[in-house]
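The values are calculated or read from the model by the stated rules, or taken from the named source; none is laboratory data. Quick caveat: nothing in here was measured; it's all calculated off a predicted structure. Quick reminder, even Gly has a Cβ in these numbers, built from the backbone with ideal geometry, and neighbours come from all protein chains shown.
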Amino acid sequence: MVMTTHHFLLHSAALILIFLTRAPDCNALALIRPSVDKKVWMLGNRNTSMEYERDRFLEEAQKKSIDFTLVHSSEFHTVVSGPGADRGSIIYKNEAVSLPDVVLARTGSGTGTVSINVLRQFERLNVPTLPNSASIEASMDKMYANQILAQAGLPIPKTMLARLPETSAELVQKVVGFPCVLKVVTGSLGKGVHLCHNAKEFENLSEMLCSVTNANSANPLLMLI
């Protein structure tokens, strides 16, 4: 039977929660034990549609006696202290709260500084986060993610970081060749992806991207694949 995207998402939600309950020896899940009730928070944000994913996690959590709650990054305040004090605290909806056993980070394309800082605070307080803040930060920068993959010896397509309008079509032809794919470094959900069949298309796209970029911001950074 061919697994559709729908079936894949269903199985993914179930497998992650099964992993939480059956992998107590995993370092990232050191605080999770299969024989006791668990408190799991799914960290989202207001800009990400999570209803389907949340409902599937909730369904599986109820089967396994897991206390499952959806929380939002924008409703947190993090507090850090100096030397000699405690490691800090988490305030949610203006109230001090007891910490969960694990945090599932599902902030999606809306991940920003606030979400990353909240995750770091949980990690500072020894709460496992899946995925952790470092891996999310790496995935937010496509070029950095490719550098990590290349360093690990994994096969990746030849990729060059371009800066428009400085990067010329001649350089692209020499290093990558046409046709090529242009992707914004920090884009997601298929946005900011362009196919250039030849040098003329690259030049036209470069001109268009530069024209819509705010004059006060840095020139567009793209990956050429």
Quick one: in segment 133-177, of everything that is exposed (fewer than 14 other Cβ atoms within 10 Å of the Cβ) and basic (Lys, Arg), which residue is farthest from residue 191 (Cα to Cα)? 174
Determine whether segment 183-191 contains at least one residue that is within 18 Å of the chain's Cα centre (by Cα), in a strand (DSSP E or B) and either modelled with pLDDT under 90 or farther than 22 Å from residue 72 by Cα (or both). yes
Is it the case that residue 128 is at pLDDT below 90 and at negative phi? no
Subset of segment 118-132 [surrounded by 15 or more Cβ atoms within 10 Å (Cβ to Cβ) and of a type in the set (A, V, I, L, M)]: 118, 119, 127, 130
